[in-house]
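**Q** Got a structure for you, questions after.
The values are calculated or read from the model by the stated rules, or taken from the named source; none is laboratory data. Note that the structure is a prediction, hence the values are computed from the model and not measured. Positions of Cβ are backbone-derived with ideal geometry, glycine not excepted, and every protein chain shown enters the neighbour counts.
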Amino acid sequence: MERALVQVQIAKLLDAGLVELLKGDYASTTMMLTKKDIFGNWTEQCMCGDYHLINKRTFSNKYAMPLLEEIFNALS
């Protein structure tokens, strides 16, 4: 059931030209998650990307961005 829902959603997005298929190192998997509807029942399905592998391969910049005033002073 879940696989069919994902395939239908992906087909719609591909037809609309909003997404493209990737097989690279940074491609993420897609899954359907259930969430609560307005009545509190776990029935709604939403398509999400799993970015755990991408997050493991990337790193964050640990240095703060300099102030614009400091940049402008260095350029003048």
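**Q** Out of all the residues in segment 5-15, is one or more surrounded by 10 or more Cβ atoms within 10 Å (Cβ to Cβ), in a strand (DSSP E or B) and either at pLDDT below 80 or in contact with a strand residue (DSSP E or B) (Cβ under 6 Å, 6 or more places away or on another chain) (or both)?
**A** no
**Q** State yes or no: is Asn55 farther than 22 Å from Arg3 by Cα and in a helix (DSSP H, G or I)?
**A** For Asn55, the condition - farther than 22 Å from Arg3 by Cα and in a helix (DSSP H, G or I) - is met.
**Q** List the pairs whose first member sits in segment 5-30 and is closer than 21 Å to Cys46 by Cβ and touching a residue at least 24 places away in the same chain (Cβ under 8 Å), whose second member is in a helix (DSSP H, G or I) and not polar (S, T, N, Q), and whose Cβ atoms are under 8 Å apart, counting only residues at least 6 apart or on separate chains?
**A** Ser28/Leu53; Ser28/Ile54; Thr30/Val6; Thr30/Ile10
**Q** Something else: Consider segment 18-41. How many of its residues are part of a strand (DSSP E or B) and loosely packed, with under 10 Cβ neighbours inside 10 Å?
**A** 0
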